[in-house]
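The values are calculated or read from the model by the stated rules, or taken from the named source; none is laboratory data. These numbers come from a predicted model, not from an experiment. For neighbour counting, all protein chains shown are included, and Cβ atoms are generated from backbone atoms with ideal geometry for every residue, glycine included.
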Amino acid sequence: MTPWIFNVSSESLVLQPNKQYKNKIIICLLLAAIAFLLPYFMVIGRDLYLLILSIGIICTVYALYDFLFKLNLTYVFDLTQRQLFQKVPGLYTRKLMSLDEVYILLETDNSEPHYVLSNRKNRYGKSYAISDYFSGTRKGAIEQERYETEVLAVVIEHLTV
């Protein structure tokens, strides 16, 4: 299963790069459920109860934030208007820049590369991640090559038109 969703039509390209957050959300919700149910099955003191409860609340808030703002984050390359939009379904749609100003950059954080969209005039200013981090392992190199051929080549092709 790919950690992204990529749809191509004659009018737009739609990219959802953050589908890997689904596993993180599930893990956080399981930890929260354990934290909320554990005091009912074990006799624990008040201080430990408050610690476990706060861990459950933190995990729940983290999962909710990732679900609302990261999991369904969508980049829409509108080919008719020649604009790039960032969209969180049901919450907001924001125009980022025109397609003529889009620059795709391979950025490295903590020795792990990932692709970002930035403005051609200010390449190292504000950027928007369009891929997950690729690890330095052989599996990461294979995943990066697959992303470059399946997604990046199509995006670059439509940007240069």
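Has the range 67-83 got at least one residue that is within 21 Å of the chain's Cα centre (by Cα) and farther than 30 Å from THR160 by Cα?
Kept after step one, since they are within 21 Å of the chain's Cα centre (by Cα), are these residues of the range 67-83: 67-78, 83.
Narrowing the set further to residues that are farther than 30 Å from THR160 by Cα leaves 67-68.
Yes, the range 67-83 contains at least one residue that is within 21 Å of the chain's Cα centre (by Cα) and farther than 30 Å from THR160 by Cα.
How do the pairs read when you match residues in the range 91-104 that are more than 13 Å from LYS121 (Cβ to Cβ) and in contact (Cβ under 8 Å) with a residue 60 or more places away in the chain with residues anywhere that are of a type in the set (S, T, N, Q) and part of a strand (DSSP E or B), using Cβ under 7 Å and keeping only pairs 6 or more apart or on different chains?
If the second residue must be of a type in the set (S, T, N, Q) and part of a strand (DSSP E or B), the pairs left are LEU99/GLN83.
Would you please name the residue that is modelled with the lowest pLDDT, looking only at residues in the range 128-151 that are under 21 Å from VAL76 (Cβ atoms) and crowded, with 18+ Cβ neighbours inside 10 Å?
Here the residue is ASP132.
Whether any residue in the range 9-19 is at pLDDT 90 or above, among the hydrophobic types (A, V, I, L, M, F, W, C) and surrounded by 12 or more Cβ atoms within 10 Å (Cβ to Cβ) is what I want to check. Full working, then the answer.
First, the residues of the range 9-19 that are at pLDDT 90 or above: none.
The answer is no, given that none of the residues of the range 9-19 is at pLDDT 90 or above, among the hydrophobic types (A, V, I, L, M, F, W, C) and surrounded by 12 or more Cβ atoms within 10 Å (Cβ to Cβ).
If you go through the range 109-131, how many residues are under 20 Å from ILE156 (Cα atoms), out of contact with any Phe, Trp or Tyr (no Cβ under 8 Å at 6 or more places or on another chain) and not aromatic (Phe, Trp, Tyr)? Don't jump to the end; show me each part of the working.
Applying the first criterion (under 20 Å from ILE156 (Cα atoms)) to the range 109-131 yields 113-124, 126-131.
Among the residues that remain, those that are also out of contact with any Phe, Trp or Tyr (no Cβ under 8 Å at 6 or more places or on another chain) are: 121-122, 124, 126-127.
Cutting the leftovers down to not aromatic (Phe, Trp, Tyr) gives us 121-122, 126-127.
Result for the range 109-131: 4.
Go through (1) at pLDDT below 90; (2) polar (S, T, N, Q); (3) within 16 Å of the chain's Cα centre (by Cα) one by one and return the number of the condition ASN110 breaks.
With respect to (1) at pLDDT below 90; (2) polar (S, T, N, Q); (3) within 16 Å of the chain's Cα centre (by Cα), ASN110 is out only on (3).
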